[in-house]
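Values in this text are rule-based calculations from the coordinates and carry no lab data. None of these values were measured; they are calculated from a predicted model. Heads up, the Cβs are rebuilt from the backbone with ideal geometry, glycines too, and the neighbour counts pull from every protein chain shown.
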Amino acid sequence: LLPEHVISNTMNCLRNQEYELLWDDVVSESARRGYVASGKSREAFVSWCVANRGELMMMLNRMSFGYYGGSDVVVDQLPDMKFRVRFSPQLESQFKFRQVTIVQEGFGMKLGGIE
């Protein structure tokens, strides 16, 4: 329902190595279409998750702790009910991945991308 729920669900899928569930239920339909249109498959997504799992977990874990307190995590509301959750400039250099895009899809929010 909220951006922090998408971050939490993404973390749970990565923690439990449920990459297909992440693809099917957490990643937005538009992100999946874009991924496939770029010539990549669901299997490529799973491989990317496996290869980057540690870095992704570090980023998402830090985001989840900083989401409510302090100024380490910034939430920007973008047009079309999109949100960008990112690290502050002081913190971003410590992470390979620095921001999460969350999109409104149907009656809920989904993962739009990780950069």
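Brief remarks follow.
- DSSP H segments from the chain that extend 15 Å or more along their own axis, Cα-based, with Kyte-Doolittle mean of 0.0 or above: 42-66
- Helical contribution to [θ] at 222 nm, DSSP H n ≥ 4, -39,500 (n - 2.57), averaged over the chain, rounded to 500: -14000 deg cm²/dmol
- Calculated FRET efficiency for the pair Y68/E18, C-beta based, R₀ 35 Å, to 0.05: 0.85
- Alpha-carbon gyration tensor eigenvalues x 5, square-rooted, for the chain, Å: 21, 17, 13
- By the Kirkwood approach, averaging reciprocal distances over each pair of separate Cα atoms, the stretch 60-115 gets a hydrodynamic radius of 11.7 Å.
- Placed amide H near V27: partners under 5 Å, 5+ positions off or other chain: L111
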